[in-house]
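The values are calculated or read from the model by the stated rules, or taken from the named source; none is laboratory data. Please read all numbers here as calculations on a predicted model, not as lab measurements. In this analysis, Cβ positions are derived from the backbone assuming ideal geometry, glycine residues included, and neighbour counts consider all displayed protein chains. Ligands, DNA and RNA are excluded from the accessible area calculation, which covers all protein heavy atoms including side chains. Shrake-Rupley method; radii C 1.70, N 1.55, O 1.52, S 1.80 Å.
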Amino acid sequence: MELSLIFVVLGMVVIGAIAQRVAGLGFAMLVSPFLVIMLGAHEGVFLVNICGVLSSAIIMPRVWKDIDWSMFRWLCSFSIIGSVIGALLAGALPAAPLSIVVGAVVLAALLLSLILARANVTVSGQLPKSSAGFLSGLTNAMAGVGGPAVSAYAVLARWPQRPFAATLQPFFVVTGLISIGMKFITTPAALPVMPLWAWIGVAVFIWVGVFIGERVQRVVSDKHARFFVLCIAFLGAITALISGLRAL
């Protein structure tokens, strides 16, 4: 990988980590489309999965007291199934059609969540939780974007921002590790080739982004954070859709 490209990757990592700390998600939705364009579909998603695990692992101790472990167990149980299926599909199918499908599904879910939120409709029960977890694992493994499915569920279930953001951190760690493990089995050649110092730099820059995000979070309300989440989710979905169409 060229030196200039490595520095661009490090810059994207900082931006993604800031978003992850402020809103609880956003790393993959911000960074994934750009890394896919720069590195290629499989390599970009692989790197996003690795960075997503690192950023959530760094954030998790900072939000430990706000984690809803019951919600985590429900979401995670089904996300593992989705991650395994998604990794198998990603390894077997071309990247462009997968990007189109993921972008379209995520965009539809977000639009539906906004419509239902305005209509004062709420969801409850275990089926919506399990569906959100499954879809998040599926899309995370296929395109590196697992946030929109749980974001849509959070809006529909009126899940408060603080426990929502906290619970997503262990959720993304587990889901990401499953995706990474499956990709080492199915498509090990997709791991981006970077020198050791660049991998160390990725970890350091993620920590720096989390540190900056903590300062930003202090002046951002829950309402604005949720709006930020939805904007990022739309951006990621639209970009994935357009990238897939252009690749065809």
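Could you check region 163-222 and list, in sequence order, the residues that are of a type in the set (Ser, Thr, Tyr) and open to solvent by 40 Å² or more (accessible area, probe 1.4 Å)?
186, 221
Those residues that are of a type in the set (Gly, Ala, Ser) and surrounded by fewer than 19 Cβ atoms within 10 Å (Cβ to Cβ), I need them from region 41-90; list them, please. Before you say what the answer is, go through the steps one by one.
From region 41-90, those of a type in the set (Gly, Ala, Ser) are 41, 44, 52, 55-57, 70, 77, 79, 82-83, 86-87, 90; that's our starting set.
Within region 41-90, 57, 70, 77 meet the criteria.
Looking at (1) over 20 Å from residue 137 (Cα atoms); (2) open to solvent by 60 Å² or more (accessible area, probe 1.4 Å); (3) part of a helix (DSSP H, G or I), find the lone condition where residue 1 falls short.
(3)
For the list (1) surrounded by 18 or more Cβ atoms within 10 Å (Cβ to Cβ); (2) at pLDDT 80 or above; (3) in contact with a Leu (Cβ under 8 Å, 6 or more places away or on another chain); (4) more than 19 Å from residue 33 (Cβ to Cβ), I need the number of the one condition that residue 136 fails.
All conditions pass for residue 136, except number (4).
Report yes if some residue within region 55-71 is out of contact with any helix residue (DSSP H, G or I) (no Cβ under 7 Å at 6 or more places or on another chain) and of a type in the set (Phe, Trp, Tyr); otherwise report no.
Yes, the conditions are met somewhere in region 55-71.
Among what's in region 21-40 and is open to solvent by less than 10 Å² (accessible area, probe 1.4 Å), of a type outside the set (Gly, Ala, Ser) and part of a helix (DSSP H, G or I), pick the residue that is nearest to residue 165 (Cα to Cα).
Result: 27.
Somewhere in region 133-156, is a residue part of a loop (DSSP other than H, G, I, E, B) and not β-branched (Val, Ile, Thr)?
Within region 133-156, one or more residues are part of a loop (DSSP other than H, G, I, E, B) and not β-branched (Val, Ile, Thr).
Assess whether residue 9 counts as being of a type outside the set (Lys, Arg), in a helix (DSSP H, G or I), open to solvent by less than 20 Å² (accessible area, probe 1.4 Å) and touching a helix residue (DSSP H, G or I) at 6+ places or on another chain (Cβ under 8 Å). I'd like the intermediate steps shown before the answer.
Details: of a type outside the set (Lys, Arg): yes; in a helix (DSSP H, G or I): yes; open to solvent by less than 20 Å² (accessible area, probe 1.4 Å): yes; touching a helix residue (DSSP H, G or I) at 6+ places or on another chain (Cβ under 8 Å): yes.
Yes: the conditions hold for residue 9.
What number of residues within region 16-53 satisfy the criterion of being farther than 23 Å from residue 90 by Cβ, aliphatic (A, V, I, L, M) and in contact with a Leu (Cβ under 6 Å, 6 or more places away or on another chain)?
1
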